[in-house]
1. What is the percent of Cα-Cα separations in region 20-120 that go past 15 Å?
2. Lys/Arg Cβ at +1, Asp/Glu Cβ at -1, dipole of region 14-114 taken about the Cα centre: which of VAL35, ALA48, LEU102 is farthest positive-ward?
3. What's the FRET efficiency of GLU104 with GLU79 using the Cβ-Cβ distance as r and R₀ = 25 Å, to the nearest 0.05?
Amino acid sequence: MKKSGEEKRKFKRFPLPVAHYEGKDDKGVHGVSDVLDVSRDGFRILSAEIIKKGTVLDFKINVPDVLDIRCKGKVCWSESSEGRHWEGLRFSEIDPADKAELLEYAYKMWVQEERTNRFG
């Protein structure tokens, strides 16, 4: 049994640099955001507006000279807090090789940050 406040997520989450995204609905949702909580299933972004649950967005996740990945994510939740709109997305289309590359990069960055935090 899990204790209250204990991590309940199925997969480890990692932060990444900027992603560009464009909407696939009639509202033309678009923007730029850091990609947060990257996992095997999806990721989270910060949006200028609430994006309707079920909306499929095209993403370009880019880290100069490292990653240039295109994928699609379906909004599975939205939450507003202090004027910000967080959107949780589940991968709906991503090349398996790109996904592996994305997760490998995210893991390496996390390990580097952990070492920096631990050893100063």
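1. On the way: 3162 of 5050 pairs.
The answer is 63 percent, as a whole percent.
2. Projecting each Cα onto the dipole axis, the largest value belongs to ALA48.
3. Details: r = 29 Å, r/R0 = 1.15.
Result of the calculation: an efficiency of 0.30.
FYI, it's all coordinate maths here, none of it is from the lab. As the structure is a prediction and not an experimental result, all values here were calculated from the model. Counting neighbours? That spans all protein chains shown, and the Cβs are built from the backbone with ideal geometry, glycine included.
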